Structure formats: C-alpha cells, structure tokens
Amino acid sequence: ARFQKETNNIAIDVLNNRSLCYMKLKQHKLALLNIVACKHVDENVSFKTWYREIQCLNDMGHSSAALKICNEAIERFPDHKNVLVEMKRKLPKHQETNENKTVLDWELLGVIVR
C-alpha cells in the first residue's frame, strides 16, 4: 500500500509538471489531458490541479465547462473559495461558439463535465 501511494504521488507530480509546461507552451489540449489523467490517478489531487483545469478549459474557450469545474472546486476547497469566486467572476458570460471552441476528444479526456 505504501509503495502504491508513493508511485501515485510520483505520477501526480509528473502529470502536474507536464500540464504546467504544456500550458506555458499554449498546448491546452495536452495540458488538459495531463490534468485529467492526474485526477484519475487520485481524485484527491491538490487545489492547483483543479485551478489549472479551470484555466485550461477557459483558455480553450470552454467557459461553461470551466464554470462547472469551478463550482465543484468551490465545494471541494472551501479554504480557496475567495480565489475561485474571483476566477468564476472573470469567466466569460457568453455561451461557447464554434469560433472560439476547440474540439475536445472526450474519449481521451474522460469525463470532464461530471
């Protein structure tokens, strides 16, 4: 059990670091793949992983999915509620359009919108 936990922690660190690198390179789809994979390794990932997921979705033009994840994060991380509420306030109010929407491969990403 201890070995599995250590292995999961290493995997989460690697996936988090990769997602950050991909975000800096503006490769949002790859960043999101790593974030979702991280959340599949352990559903109790850190606040920063959820925060990056919201950022990625918003940067890709998926504001409604970002809003849904933001609402879930507010429930999960009450200590960070102020940051999340501020982030939620900055999310676009408009619905996604085909012009600003990047097509997601839902099978690869798993279920983002729960």
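The values are calculated or read from the model by the stated rules, or taken from the named source; none is laboratory data. The structure displayed is predicted, hence computed values, not measured ones. As a convention, Cβ positions derive from the backbone with ideal geometry for all residues, glycine included, and neighbour counts pool all protein chains shown. Calculation scope for accessible area: heavy atoms of the full protein, side chains included, ligands and nucleic acids excluded. Shrake-Rupley method; radii C 1.70, N 1.55, O 1.52, S 1.80 Å.
Asn44 passes every criterion in (1) open to solvent by less than 30 Å² (accessible area, probe 1.4 Å); (2) not in a helix (DSSP H, G or I) apart from (1).
Condition (residue is of a type in the set (Lys, Arg), touching a Phe, Trp or Tyr at 6+ places or on another chain (Cβ under 9 Å) and open to solvent by 30 Å² or more (accessible area, probe 1.4 Å)) applied to segment 2-13: is it met by at least one residue? No, because not a single residue in segment 2-13 is of a type in the set (Lys, Arg), touching a Phe, Trp or Tyr at 6+ places or on another chain (Cβ under 9 Å) and open to solvent by 30 Å² or more (accessible area, probe 1.4 Å).
In this structure, Leu32 qualifies as surrounded by 20 or more Cβ atoms within 10 Å (Cβ to Cβ) and either touching a residue at least 60 places away in the same chain (Cβ under 8 Å) or under 22 Å from Lys81 (Cα atoms) (or both).
In segment 20-29, the qualifying residues are those that are without any contact (Cβ under 8 Å) to a residue 60 or more places away in the chain and more than 17 Å from Phe47 (Cα to Cα), and the one that is surrounded by the most Cβ atoms within 10 Å (Cβ to Cβ) is Tyr22.
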